[in-house]
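The numbers here are math on the coordinates, done by the rules we state, and not lab data. What you are looking at is a predicted structure, and each value in this text was computed from that prediction instead of being measured. FYI the Cβ positions are ideal-geometry reconstructions off the backbone, even for glycines, and counts take in every protein chain you see.
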Amino acid sequence: MNTEVSVFYFAKSAELTGLKSETIRVPSELTTLELWQDLVSRHPRLSAVRDSVVLAVRQEYVALGDQCVSLREGDEVAVIPPLSGG
């Protein structure tokens, strides 16, 4: 079953997608890696931050991998790339 969630893009991810946010439909049960792959399929340029990106689901950080997330209608997902520093 698919669920509608809001995705928020911050910093470099907003530059890469050209968006600050969007609403998408994704499976209600999926791994964090599957969620990332879905976002990259929509915005291929996101792959540039793959190695250092962090996702947050309902304001909780999640690592990319086999961790399963249960998404509910209206949930918020944030794509947080590394902060540039130097």
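Below, the figures for the structure above:
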item: Karplus-derived 3J(HN,Hα), 6.51/-1.76/1.60, for each residue of the range 56-68, Hz, glycine and proline x; result: 10, 10, 6, 6, 10, 5, 9, 7, 6, x, 8, 4, 7
item: Percent of Cα-Cα distances greater than 14 Å, calculated over the chain; result: 60
item: For Thr31, distant residues with modelled amide H under 5 Å away; result: Val69
item: Rounded to the nearest 20 debye, dipole of the chain from Cβ charges on Lys, Arg, Asp, Glu; result: 300
item: Per DSSP, loop GluC sites (Glu not before Pro) in the range 13-86 with at most 12 further Cβ within 10 Å; result: Glu73
item: The chain - mean residue ellipticity at 222 nm from DSSP helices (-39,500 (n - 2.57) per run, n ≥ 4, rounded to 500); result: -6000 deg cm²/dmol
